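As structure tokens, the structure follows; a few thoughts come after it.
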Amino acid sequence: AGMLCGIVIYGLSRLTDLVHEVHRTREELARMAVGRERLRFARDLHDLLGYSLSAIALKGELVHRLIEVRPEHARSETEELLMVARQALADGRVVSSGYRDMSLRDEATSAAASLAAADIQADVAIDC
């Protein structure tokens, strides 16, 4: 009876240790999931804003070159620059709220417009 009592006490203390280990593991998994989500968010934000800021810089350089020689074209490019900046701001807000629907067609159209602003002709054909 004494031996059985000792085994039961050992088993219960071991069970308690295992329960604590499970709780620690769950907490670590939760921390890792939060870390992965932060990295995903940072990548999405970097990709989105990096592209938009590049397009804004490119259009700004084009406006700077055109302002003296073709002011109307510079005005048109400035309007497009403002649209890109506003869209970047809106996209940043959407990403930060956790929801962002990507459209391959919209992204390709935006890329082609940025290339066209740099006098690069791009033919884009999307067939989803």
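Normalised Debye scattering of region 58-98 at q = 0.14 Å⁻¹ gives log10 I(q)/I(0) of -0.38, counting only Cα atoms as equal scatterers and leaving out solvent. Given a 1.4 Å probe and every protein chain left where it sits, what share in percent of the accessible area of the chain is carbon and sulfur? In the chain, the share of accessible area belonging to carbon and sulfur is 62 percent.
Normalised by the number of residues in the chain, the mean separation of alpha-carbon contacts (under 8 Å, six or more apart) gives a relative contact order of 22 percent. For the listed peptides 107-114, 40-47, 4-11, a ranking on the average number of other beta carbons within 10 Å per residue, highest first, reads 107-114, 40-47, 4-11.
3J(HN,Hα) couplings calculated from phi for region 80-95 with the Karplus curve 6.51 cos²θ - 1.76 cosθ + 1.60 (θ = phi - 60°) are, in sequence order, 5, 4, 5, 5, 4, 4, 5, 5, 4, 4, 5, 5, x, 5, 5, 4 Hz; Gly and Pro show x. Once you sort the root eigenvalues of the Cα gyration tensor of region 68-128 as a ≥ b ≥ c, which label holds: rounded (a/c under 1.5), prolate (a/b larger than b/c) or oblate (the other case)? Taking the square roots of the gyration eigenvalues as a ≥ b ≥ c, region 68-128 is oblate. Axis of helix 2-69 versus longest Cα principal axis of the chain: the two differ by about 0°, to the nearest ten degrees.
Label zone of residue 121 (point 7 Å out along Cα→Cβ, amide N under 15 Å): in region 29-66 this covers no residue at all. Any chance you could give the angle, 0 to 90 degrees and rounded to 10, that helix 104-117 forms with the longest Cα principal axis of the chain? Rounded to the nearest ten degrees, it is 40.
Over all pairs of different C-alpha atoms in region 1-101, the reciprocal of the mean inverse distance, the Kirkwood hydrodynamic radius, equals 18.5 Å. Its DSSP H runs of at least 4 residues, each contributing -39,500 (n - 2.57), put the calculated 222 nm mean residue ellipticity of the chain at -31000 deg cm²/dmol, to the nearest 500. Of the peptides 61-70, 29-38, the ranking by mean beta-carbon count within 10 Å, highest at the top, reads 61-70, 29-38.
The values are calculated or read from the model by the stated rules, or taken from the named source; none is laboratory data. Predicted, not measured: the structure shown is a model, and the values here were computed from it. A quick note on method: Cβ atoms are made from the backbone with ideal geometry, for glycine too, and the neighbour counts reach across all protein chains shown. Ligands, DNA and RNA are stripped out before the accessible areas are found, and what is left, the full protein with its side chains, is counted by its heavy atoms. Shrake-Rupley method; radii C 1.70, N 1.55, O 1.52, S 1.80 Å.
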